[in-house]
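This report refers to the structure that appears directly beneath it.
Just so you know, all these numbers are worked out from the coordinates, no wet-lab data involved. Please read all numbers here as calculations on a predicted model, not as lab measurements. Heads up, the Cβs are rebuilt from the backbone with ideal geometry, glycines too, and the neighbour counts pull from every protein chain shown.
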Amino acid sequence: MANTKSAKKAVRVIAKKSAVNRDRRSRMRSFVRKVEEALASGDKNAAEEALRAAQPEIMRAAQKGVIHKNTASRKVSRFAQRVKALA
C-alpha cells in the first residue's frame, strides 16, 4: 500500500492512465474484429471500408503507446494484403 502522499497520487494517476489505455486497446480490437469479419464474409467493399476505418485507430493506438508502432504497421500491411487478395 502507498504510504506517502506522492505515492498515493501516483497510484491514482496510473489507474486513470490504465483505464484510458484499456479503452483504446478495446476500441482498436473492435475495429480489427470488424475487418476480420468483413474478410471472412468475402465482401471486398465491406472489407475495404472496414480497413479504412480501422487503420487510423490502429495507428492512433501505436502513437499513444498502447501497441508498438511496428506491430501497428504490420497489422495494417497484412490487412491491406488480404483485402487486395479478395479480388
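Helical content alone sets the calculated 222 nm signal of the chain at -30000 deg cm²/dmol, taking -39,500 (n - 2.57) per DSSP H segment of four or more residues and averaging over every residue. Close Lys pairs in the chain (alpha-carbon distance under 29 Å; sequence gap of 8 or more, or different chains): 28. Sorted largest first, the spans of the alpha carbon positions of the chain along the three principal axes are 61, 21, 16 Å. Charges were assigned to the Cβ only: +1 to each Lys and Arg, -1 to each Asp and Glu. The resulting dipole of the chain about its Cα centre is roughly 740 debye.
Our summary gives the stretch 5-85 a relative contact order of 28 percent, counting only alpha carbon pairs under 8 angstrom and 6 or more residues apart.
From largest to smallest, the equivalent ellipsoid semi-axes obtained for the stretch 1-41 from the alpha-carbon gyration tensor read 38, 6, 4 Å. Full extension of the chain segment joining Thr4 with Asn45 gains 9.1 nm, where the gain is 0.36 nm per residue of separation less the Cα-Cα distance. Projected label points at Arg29 and Lys69, each 7 Å from Cα along the beta carbon direction, are separated by 2.5 nanometres.
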